[in-house]
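Before any comments, here is the structure.
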Amino acid sequence: SMRVNPLAQITSSEIIEQMAGVHITSDNPISVYGLNRRRQTTDTFLGLPTSVLGNAYRAICYNVSDQLMSEFAIVATEDNTIVEITPTVETVSGRPAGKVFTINLNRGDVYQVAAKNVYFSPLKCDLTGTLVTSNKNIAFFSGHQCAYVPDKMLACNHLVEQLPPIPSWGKHY
């Protein structure tokens, strides 16, 4: 087990956090799990190897919980990675739903996007379905700061998952 410094936590939205990504290498095959443990909430995810990353993703988040938002994060694996993001709802910084915006990341850079909180309208706060494409492979994490699951349960849980790229999705189950 390896403990990551808590300062590595990304709390910003729509700011390029330079070299904030965690890169793990091994001479032998390994499994990597991420665990985020906070007071009264914990979530884990399976870390995907760079060999299975891609350049097209859809966010899978959750709707609003008081002042906490759905969010996703992108980690670049190479320099000069151009990422296009088409949010499904307005973002914290005011980027409108349905309008593409572009960022340029270098290897190890992290870029997180959070939904703008629209009180009394939870569906307008859910980034689910946001399309993220890039010219180079990226790692993509999606979830929620602290969601009420189910909606009426007033005890929030952090949600995080590293998502597989769209081309790896199945069609028969």
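Miscellaneous remarks
- Boolean, N28 is open to solvent by 40 Å² or more (accessible area, probe 1.4 Å), touching a residue at least 60 places away in the same chain (Cβ under 8 Å) and either more than 17 Å from A147 (Cα to Cα) or outside any loop (DSSP other than H, G, I, E, B) (or both): no
- Residue in region 40-60 that is over 21 Å from P164 (Cβ atoms) and not β-branched (V, I, T) present: yes
- Condition met for R37 (open to solvent by 30 Å² or more (accessible area, probe 1.4 Å) and not in a loop (DSSP other than H, G, I, E, B)): yes
- Taking region 82-173 as the region of interest, the strands (runs of 3 or more DSSP E) fully inside it that hold 3 or more residues being in contact (Cβ under 8 Å) with a residue 40 or more places away in the chain, surrounded by 21 or more Cβ atoms within 10 Å (Cβ to Cβ) and not basic (K, R) are 110-114, 131-148.
- Residue check, V75 buried (at least 23 other Cβ atoms within 10 Å of the Cβ) and more than 13 Å from the chain's Cα centre (by Cα): no
- The residue that is modelled with the highest pLDDT, among those in region 5-51 that are hydroxyl-bearing (S, T, Y) and under 24 Å from T91 (Cα atoms), is S13.
- Residue list for region 31-46, filter: touching a Ser or Thr at 6+ places or on another chain (Cβ under 8 Å) and either small (G, A, S) or closer than 23 Å to W169 by Cα (or both): Y33, G34, L46
- Qualifying residues in region 52-72 (those that are part of a strand (DSSP E or B) and surrounded by 23 or more Cβ atoms within 10 Å (Cβ to Cβ)) - the one modelled with the lowest pLDDT: S65
- Residue tally, condition surrounded by 12 or more Cβ atoms within 10 Å (Cβ to Cβ) and in contact with a Cys (Cβ under 9 Å, 6 or more places away or on another chain), over region 40-51: 1
The values are calculated or read from the model by the stated rules, or taken from the named source; none is laboratory data. Remember, predicted model here, so these are calculated numbers, not experimental data. We place every Cβ from the backbone using ideal geometry, glycine too, and count neighbours over all the protein chains shown. Keep in mind that these areas ignore ligands, DNA and RNA; they rest on the heavy atoms of the full protein, side chains included. Shrake-Rupley method; radii C 1.70, N 1.55, O 1.52, S 1.80 Å.
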